[in-house]
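Some notes on the structure that comes next.
Derivation of every value follows stated rules applied to the coordinates shown; laboratory data play no part. Please read all numbers here as calculations on a predicted model, not as lab measurements. All Cβ positions, even for glycine, are placed from backbone atoms using ideal geometry, and neighbour counts span all protein chains on display.
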Amino acid sequence: MDGWTREGYGGTGPGAITPDGCAVELYARLPAGDEPDVIQRAVPAGARILELGCGAGRVTHPLVERGFSVTAVDESPRMLERVRGARTVRSAIEELELDERFDVVLLGSFLVHAGDPEVRRGLLRTCRRHVADGGCVLIQREDEGRHEGLPRERRAGDGFVRVLSSDPVGPGVRSVHVEYVFPDARWTQTFLSRPLTAGAFELALGEAGLAVDAYLTGDRTWVRAVPVAGRP
Ligand SMILES: C[S@@+](CC[C@H](N)C(=O)[O-])C[C@H]1O[C@@H](n2cnc3c(N)ncnc32)[C@H](O)[C@@H]1O
């Protein structure tokens with residue numbers, strides 16, 4: 001463990017586990033998916049990117065290779081040790097106070113679905129606080145039906161990711177249980193997810209002084225938001 005655990009979150013398996021239950025060794029071996037392509041298409045070449053919740057650099061590294069200048073933030077020092085080619089900052093996202101603004105702020109990995117709405121507000125305020133005028137915030141949100149049709153399995157590198165269950169544990173919040181099975185190791189993660197309809201998501205952005213500019217993918221999971229002028 002990194003020393004503490006967020007309530008409702010946890011993980012098992014070899015190596016260090018982050019406060020939100022992610023296994024460092026697992027994230028260091030998971031390959032990037034289409035995230036770098038989606039991001040590259042949505043922002044100017046060479047942009048300065050603030051990546052929130054970077055993990056072991058799964059998305060950071062392809063972005064650096066593509067010529068972006070990345071500042072990578074995570075609360076887990078064990079994750080940050082794995083990041084190469086980017087400036088790293090250890091902080092809870094919701095408490096981040098950098099004295100600079102970025103062309104692009106990236107909030108991937110469905111972090112916007114934090115179980116605690118106060119944490120979600122903090123994450124989105126951090127996005128707003130760090131985006132330059134004329135810049136944008138890229139957010140990855142859950143697709144509709146994400147919590148249905150379980151268990152569900154997909155390949156990841158030489159292993160499998162299985163979303164085993166998603167159970168309601170309070171008003172509007174679910175506990176999701178995932179296992180990662182590789183030939184030499186098995187990890188699990190349990191985390192909270194607060195599903196958001198498109199309307200609720202846009203309302204949450206609005207509260208933080210952000211507005212949707214475009215849905216970037218056909219499944220509407222990747223969103224480009226822009227700062228609303230005059231809002232904090
Ligand atoms: C699911 S992993 C994804 C990592 C990376 N974005 C990727 O796609 O490979 C989530 C990461 O976000 C970090 N994280 C989650 N919530 C956080 C918070 N509130 N503040 C800082 N880091 C956070 C965790 O420590 C973990 O490294």
Interchain or long-range residues, amide H under 5 Å from ALA211's placed H = VAL226, VAL228
Karplus 3J(HN,Hα) series, Hz, for region 215-228 with 6.51 cos²θ - 1.76 cosθ + 1.60 (x for Gly, Pro) = 8, 8, 10, x, 7, 6, 7, 9, 10, 9, 10, 10, x, 8
Here the tail fraction of P(r) beyond 22 Å, over all Cα-Cα pairs of region 12-106, rounds in percent to 26 percent
Find the percent of Cα-Cα distances in region 78-158 that exceed 21 Å, and round it to a whole number.
-> 44 percent
Normalised per residue, the volume of the convex hull around the Cα set of region 152-193 (Å³) = 56 Å³
If amide H atoms are built 1.01 Å from N in the plane of the peptide, which residues on other chains or at least 5 residues away come under 5 Å of the amide H of VAL89?
-> ALA72, VAL73, ASP74
Averaging 1/r across every pair of distinct alpha carbons in region 78-232 and inverting yields a Kirkwood hydrodynamic radius, in angstrom, of 17.1 Å
Mean separation of Cα contacts under 8 Å (at least 6 apart) over the residue count of the chain, i.e. the relative contact order in percent, is 18 percent
Estimated 222 nm signal from helices in the chain, with DSSP H stretches of n ≥ 4 weighted -39500 (n - 2.57), rounded to 500 | -5500 deg cm²/dmol
In nm, to one decimal, how far is the modelled label at ASP34 from the one at GLU100, with both set 7 Å along Cα→Cβ?
-> 3.2 nm
Could you run the Karplus curve 6.51 cos²θ - 1.76 cosθ + 1.60 with θ = phi - 60° over region 78-93 and give me ³J(HN,Hα) per residue in whole Hz, x for Gly and Pro?
-> 5, 5, 4, 4, 8, 7, 10, x, 10, 6, 10, 9, 8, 6, 5, 4
